[in-house]
Amino acid sequence: MTAPIDALREVMRRLRDPQTGCPWDIEQSFETIAPYTIEEAYEVADAIRSGDRDALRGELGDLLLQTVYHAQMAAEEGSFDFDDVARDITEKMIRRHPHVFGDTAISSAEEQTAHWERLKQAERDRADDTSALAGVALALPALMRAQKIQKRAARVGFDWPDPSGVIAKIAEEAAELVEATRSSGPAHIAEEYGDLLFTVAVLGQHIDVDAEEALAAATRKFDRRFRAVEAKLAAIGKTPTTSTLEEMDALWDEAKADERAQDEPQPRT
(Lines give C-alpha, C1' and ligand atoms only; values in the text may rest on other atoms or scores of the structure.)
Protein backbone atom coordinates (compact mmCIF):
# COMPACT_ATOMS: atom_id res chain seq x y z
CA MET A 1 0.00 0.00 0.00
CA THR A 2 1.41 3.42 -0.98
CA ALA A 3 2.16 5.70 1.96
CA PRO A 4 0.12 8.95 1.85
CA ILE A 5 3.23 11.12 1.59
CA ASP A 6 4.48 9.08 -1.37
CA ALA A 7 1.09 9.41 -3.06
CA LEU A 8 1.23 13.17 -2.58
CA ARG A 9 4.72 13.34 -4.05
CA GLU A 10 3.56 11.34 -7.08
CA VAL A 11 0.62 13.70 -7.58
CA MET A 12 3.00 16.65 -7.59
CA ARG A 13 5.41 14.88 -9.96
CA ARG A 14 2.56 14.29 -12.41
CA LEU A 15 1.27 17.84 -12.11
CA ARG A 16 4.75 19.09 -13.04
CA ASP A 17 5.31 16.60 -15.88
CA PRO A 18 6.28 18.68 -18.95
CA GLN A 19 4.27 16.51 -21.35
CA THR A 20 1.18 15.44 -19.42
CA GLY A 21 1.02 17.76 -16.42
CA CYS A 22 -1.05 20.81 -15.58
CA PRO A 23 -0.05 23.89 -17.63
CA TRP A 24 -0.37 26.19 -14.60
CA ASP A 25 1.74 23.98 -12.32
CA ILE A 26 4.38 23.49 -15.03
CA GLU A 27 4.82 27.27 -15.38
CA GLN A 28 5.43 27.90 -11.68
CA SER A 29 8.81 28.61 -10.08
CA PHE A 30 10.18 28.99 -6.55
CA GLU A 31 9.52 32.72 -6.79
CA THR A 32 5.91 32.42 -7.94
CA ILE A 33 5.04 29.75 -5.38
CA ALA A 34 6.68 31.49 -2.41
CA PRO A 35 3.72 33.87 -1.77
CA TYR A 36 1.37 30.87 -1.60
CA THR A 37 3.67 29.21 0.92
CA ILE A 38 3.51 32.27 3.16
CA GLU A 39 -0.27 32.52 2.73
CA GLU A 40 -0.77 28.87 3.68
CA ALA A 41 1.26 29.32 6.86
CA TYR A 42 -1.03 32.17 7.88
CA GLU A 43 -4.09 30.08 7.12
CA VAL A 44 -2.73 27.38 9.44
CA ALA A 45 -2.41 30.03 12.16
CA ASP A 46 -6.00 31.19 11.52
CA ALA A 47 -7.29 27.62 11.83
CA ILE A 48 -5.43 27.19 15.12
CA ARG A 49 -6.86 30.47 16.39
CA SER A 50 -10.39 29.39 15.46
CA GLY A 51 -10.08 26.06 17.28
CA ASP A 52 -11.50 24.23 14.25
CA ARG A 53 -9.51 21.00 14.05
CA ASP A 54 -11.05 19.95 10.73
CA ALA A 55 -9.95 23.26 9.24
CA LEU A 56 -6.51 22.83 10.78
CA ARG A 57 -6.17 19.38 9.23
CA GLY A 58 -6.98 20.79 5.81
CA GLU A 59 -4.69 23.80 6.17
CA LEU A 60 -1.79 21.64 7.34
CA GLY A 61 -2.28 19.58 4.18
CA ASP A 62 -2.13 22.75 2.08
CA LEU A 63 1.08 23.77 3.85
CA LEU A 64 2.59 20.31 3.36
CA LEU A 65 1.79 20.59 -0.33
CA GLN A 66 3.95 23.71 -0.47
CA THR A 67 6.95 21.78 0.86
CA VAL A 68 6.35 19.00 -1.64
CA TYR A 69 5.96 21.57 -4.44
CA HIS A 70 9.28 23.27 -3.71
CA ALA A 71 11.04 19.93 -3.28
CA GLN A 72 9.73 18.71 -6.63
CA MET A 73 11.00 21.81 -8.40
CA ALA A 74 14.38 21.40 -6.70
CA ALA A 75 14.51 17.74 -7.76
CA GLU A 76 13.82 18.74 -11.37
CA GLU A 77 16.85 21.04 -11.38
CA GLY A 78 19.00 18.53 -9.50
CA SER A 79 19.44 20.56 -6.32
CA PHE A 80 17.76 18.33 -3.73
CA ASP A 81 14.57 16.35 -3.25
CA PHE A 82 11.93 15.76 -0.57
CA ASP A 83 13.97 13.03 1.10
CA ASP A 84 16.88 15.47 1.48
CA VAL A 85 14.55 17.98 3.13
CA ALA A 86 13.20 15.37 5.55
CA ARG A 87 16.68 14.02 6.28
CA ASP A 88 18.12 17.48 6.99
CA ILE A 89 15.38 18.51 9.41
CA THR A 90 15.55 15.13 11.17
CA GLU A 91 19.29 15.50 11.68
CA LYS A 92 18.87 19.08 12.88
CA MET A 93 16.23 18.14 15.45
CA ILE A 94 18.40 15.32 16.79
CA ARG A 95 21.43 17.64 16.90
CA ARG A 96 19.52 20.35 18.74
CA HIS A 97 18.00 17.99 21.31
CA PRO A 98 21.02 16.22 22.83
CA HIS A 99 19.11 15.84 26.10
CA VAL A 100 16.66 13.55 24.28
CA PHE A 101 18.92 11.82 21.78
CA GLY A 102 22.23 12.09 23.67
CA ASP A 103 23.74 12.43 27.13
CA THR A 104 23.21 16.15 27.82
CA ALA A 105 21.12 16.88 30.93
CA ILE A 106 18.47 19.62 30.53
CA SER A 107 15.73 19.90 33.13
CA SER A 108 13.53 22.85 32.07
CA ALA A 109 12.04 24.52 29.02
CA GLU A 110 14.01 27.69 29.79
CA GLU A 111 17.28 25.78 29.91
CA GLN A 112 16.41 24.06 26.63
CA THR A 113 15.63 27.41 24.97
CA ALA A 114 19.01 28.80 26.02
CA HIS A 115 20.76 25.65 24.82
CA TRP A 116 18.87 25.80 21.48
CA GLU A 117 19.97 29.38 20.96
CA ARG A 118 23.61 28.50 21.71
CA LEU A 119 23.48 25.71 19.13
CA LYS A 120 21.93 28.02 16.53
CA GLN A 121 24.58 30.65 17.21
CA ALA A 122 27.31 28.04 16.79
CA GLU A 123 25.79 27.11 13.42
CA ARG A 124 25.72 30.79 12.41
CA ASP A 125 29.34 31.19 13.50
CA ARG A 126 30.31 28.49 11.00
CA ALA A 127 28.51 30.36 8.20
CA ASP A 128 29.78 33.35 6.21
CA ASP A 129 27.62 35.88 8.06
CA THR A 130 28.73 35.89 11.71
CA SER A 131 26.62 38.87 12.81
CA ALA A 132 24.42 38.44 15.88
CA LEU A 133 21.56 39.36 13.51
CA ALA A 134 22.36 36.69 10.90
CA GLY A 135 19.62 34.32 9.84
CA VAL A 136 16.57 36.51 10.56
CA ALA A 137 14.59 36.07 7.35
CA LEU A 138 13.94 39.19 5.28
CA ALA A 139 10.52 37.84 4.25
CA LEU A 140 9.14 37.77 7.79
CA PRO A 141 6.27 40.15 8.56
CA ALA A 142 7.82 43.48 9.48
CA LEU A 143 6.74 43.58 13.12
CA MET A 144 7.83 39.99 13.69
CA ARG A 145 11.21 40.65 12.09
CA ALA A 146 11.65 43.82 14.14
CA GLN A 147 11.17 41.90 17.37
CA LYS A 148 13.48 39.09 16.30
CA ILE A 149 16.18 41.57 15.27
CA GLN A 150 15.89 43.44 18.57
CA LYS A 151 15.96 40.19 20.56
CA ARG A 152 19.20 39.19 18.86
CA ALA A 153 20.74 42.59 19.65
CA ALA A 154 19.56 42.33 23.26
CA ARG A 155 21.37 39.02 23.70
CA VAL A 156 24.70 40.77 23.14
CA GLY A 157 23.82 43.67 25.45
CA PHE A 158 22.45 46.26 23.00
CA ASP A 159 19.13 47.08 24.64
CA TRP A 160 17.37 49.27 27.19
CA PRO A 161 17.57 47.83 30.71
CA ASP A 162 13.81 48.10 31.34
CA PRO A 163 10.54 49.12 29.59
CA SER A 164 10.68 52.70 30.90
CA GLY A 165 13.58 53.50 28.60
CA VAL A 166 11.67 52.15 25.61
CA ILE A 167 8.56 54.13 26.52
CA ALA A 168 10.64 57.31 26.70
CA LYS A 169 12.08 56.48 23.28
CA ILE A 170 8.56 56.00 21.88
CA ALA A 171 7.65 59.50 23.07
CA GLU A 172 10.82 60.86 21.45
CA GLU A 173 10.10 59.08 18.15
CA ALA A 174 6.48 60.27 18.20
CA ALA A 175 7.64 63.88 18.64
CA GLU A 176 10.07 63.48 15.74
CA LEU A 177 7.28 62.13 13.56
CA VAL A 178 5.05 65.10 14.44
CA GLU A 179 7.87 67.48 13.54
CA ALA A 180 8.48 65.63 10.27
CA THR A 181 4.83 65.98 9.26
CA ARG A 182 5.17 69.73 9.71
CA SER A 183 8.43 70.37 7.91
CA SER A 184 9.59 67.36 5.88
CA GLY A 185 8.78 65.50 2.70
CA PRO A 186 7.14 62.06 2.34
CA ALA A 187 10.42 60.10 2.52
CA HIS A 188 11.45 61.59 5.87
CA ILE A 189 7.93 61.24 7.26
CA ALA A 190 7.93 57.55 6.30
CA GLU A 191 11.36 57.09 7.91
CA GLU A 192 10.23 58.63 11.20
CA TYR A 193 7.03 56.58 11.12
CA GLY A 194 9.12 53.44 10.67
CA ASP A 195 11.33 54.40 13.60
CA LEU A 196 8.23 54.77 15.78
CA LEU A 197 6.83 51.40 14.70
CA PHE A 198 10.17 49.70 15.35
CA THR A 199 10.41 51.14 18.84
CA VAL A 200 6.84 50.07 19.63
CA ALA A 201 7.80 46.55 18.53
CA VAL A 202 10.82 46.71 20.86
CA LEU A 203 8.49 47.61 23.74
CA GLY A 204 6.50 44.45 23.02
CA GLN A 205 9.67 42.43 23.49
CA HIS A 206 10.24 44.06 26.88
CA ILE A 207 6.69 43.45 28.15
CA ASP A 208 6.47 39.94 26.68
CA VAL A 209 3.87 40.80 24.03
CA ASP A 210 4.06 39.46 20.49
CA ALA A 211 3.78 42.59 18.34
CA GLU A 212 2.43 40.75 15.30
CA GLU A 213 -0.30 38.98 17.28
CA ALA A 214 -1.16 42.11 19.27
CA LEU A 215 -1.67 44.12 16.08
CA ALA A 216 -3.63 41.25 14.52
CA ALA A 217 -5.91 41.14 17.56
CA ALA A 218 -6.40 44.92 17.49
CA THR A 219 -7.23 44.75 13.78
CA ARG A 220 -9.75 41.96 14.38
CA LYS A 221 -11.32 44.08 17.12
CA PHE A 222 -11.56 47.09 14.80
CA ASP A 223 -13.09 44.88 12.09
CA ARG A 224 -15.67 43.51 14.53
CA ARG A 225 -16.65 46.90 15.94
CA PHE A 226 -16.82 48.65 12.57
CA ARG A 227 -19.14 45.93 11.27
CA ALA A 228 -21.29 46.48 14.35
CA VAL A 229 -21.43 50.20 13.52
CA GLU A 230 -22.49 49.36 9.96
CA ALA A 231 -25.22 47.08 11.29
CA LYS A 232 -26.50 49.75 13.66
CA LEU A 233 -26.57 52.28 10.82
CA ALA A 234 -28.36 49.83 8.54
CA ALA A 235 -31.03 49.37 11.23
CA ILE A 236 -31.91 53.07 10.90
CA GLY A 237 -31.63 53.11 7.11
CA LYS A 238 -28.18 54.70 6.87
CA THR A 239 -24.65 53.79 5.75
CA PRO A 240 -21.23 55.14 6.74
CA THR A 241 -21.16 57.36 3.65
CA THR A 242 -24.49 58.95 4.59
CA SER A 243 -23.55 59.46 8.25
CA THR A 244 -21.42 61.97 10.09
CA LEU A 245 -18.27 61.08 11.98
CA GLU A 246 -20.03 62.11 15.21
CA GLU A 247 -22.85 59.63 14.53
CA MET A 248 -20.42 56.83 13.82
CA ASP A 249 -18.34 57.65 16.92
CA ALA A 250 -21.45 57.39 19.07
CA LEU A 251 -22.35 54.01 17.56
CA TRP A 252 -18.74 52.88 18.00
CA ASP A 253 -19.03 53.62 21.72
CA GLU A 254 -22.26 51.61 21.75
CA ALA A 255 -20.51 48.69 20.07
CA LYS A 256 -17.75 48.81 22.70
CA ALA A 257 -20.35 48.88 25.49
CA ASP A 258 -22.16 45.92 23.90
CA GLU A 259 -18.92 43.91 23.88
CA ARG A 260 -18.21 44.73 27.52
CA ALA A 261 -21.73 43.67 28.49
CA GLN A 262 -21.28 40.36 26.67
CA ASP A 263 -17.95 39.75 28.41
CA GLU A 264 -19.32 40.38 31.91
CA PRO A 265 -20.28 37.24 33.85
CA GLN A 266 -24.03 36.73 33.94
CA PRO A 267 -25.75 36.48 37.36
CA ARG A 268 -27.10 33.09 38.33
CA THR A 269 -30.87 32.73 38.21
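The values are calculated or read from the model by the stated rules, or taken from the named source; none is laboratory data. Owing to the predicted nature of the structure, the values given are computational and were not obtained by experimental measurement. Every residue, glycine among them, receives a Cβ derived from its backbone with ideal geometry; neighbour counts consider all protein chains shown.
For D62, the stated conditions hold: it is modelled with pLDDT of 95 or more, surrounded by 13 or more Cβ atoms within 10 Å (Cβ to Cβ) and among the acidic types (D, E). Among the residues of the range 145-161, those identified as in contact with a helix residue (DSSP H, G or I) (Cβ under 7 Å, 6 or more places away or on another chain) and part of a loop (DSSP other than H, G, I, E, B) are D159, W160. For the range 188-215, which residues satisfy the criterion of being of a type in the set (G, A, S), modelled with pLDDT under 95 and surrounded by fewer than 18 Cβ atoms within 10 Å (Cβ to Cβ)? Answer for the range 188-215, where residues must be of a type in the set (G, A, S), modelled with pLDDT under 95 and surrounded by fewer than 18 Cβ atoms within 10 Å (Cβ to Cβ): just A214.
E172 - would you say it is part of a helix (DSSP H, G or I), out of contact with any Leu (no Cβ under 8 Å at 6 or more places or on another chain), among the charged types (D, E, K, R) and modelled with pLDDT of 95 or more? When the stated conditions are applied, E172 passes them. Residue-level check: of (1) in a helix (DSSP H, G or I); (2) over 26 Å from the mean Cα position of the chain (by Cα); (3) under 21 Å from A114 (Cβ atoms), L177 misses just (3). Across the range 84-97, not a single residue is classified as at pLDDT 95 or above, within 30 Å of R220 (Cα to Cα) and either touching a Cys at 6+ places or on another chain (Cβ under 8 Å) or polar (S, T, N, Q) (or both). In the set (1) farther than 27 Å from Y42 by Cβ; (2) assigned to a loop (DSSP other than H, G, I, E, B), I94 fails one condition alone, (2). In a helix (DSSP H, G or I), modelled with pLDDT under 95 and surrounded by 12 or more Cβ atoms within 10 Å (Cβ to Cβ): does that describe A261? Criteria not met by A261. Can you pull out the residues in the range 80-91 that are surrounded by 13 or more Cβ atoms within 10 Å (Cβ to Cβ) and part of a helix (DSSP H, G or I)? Within the range 80-91, F82, D84, V85, A86 meet the criteria.
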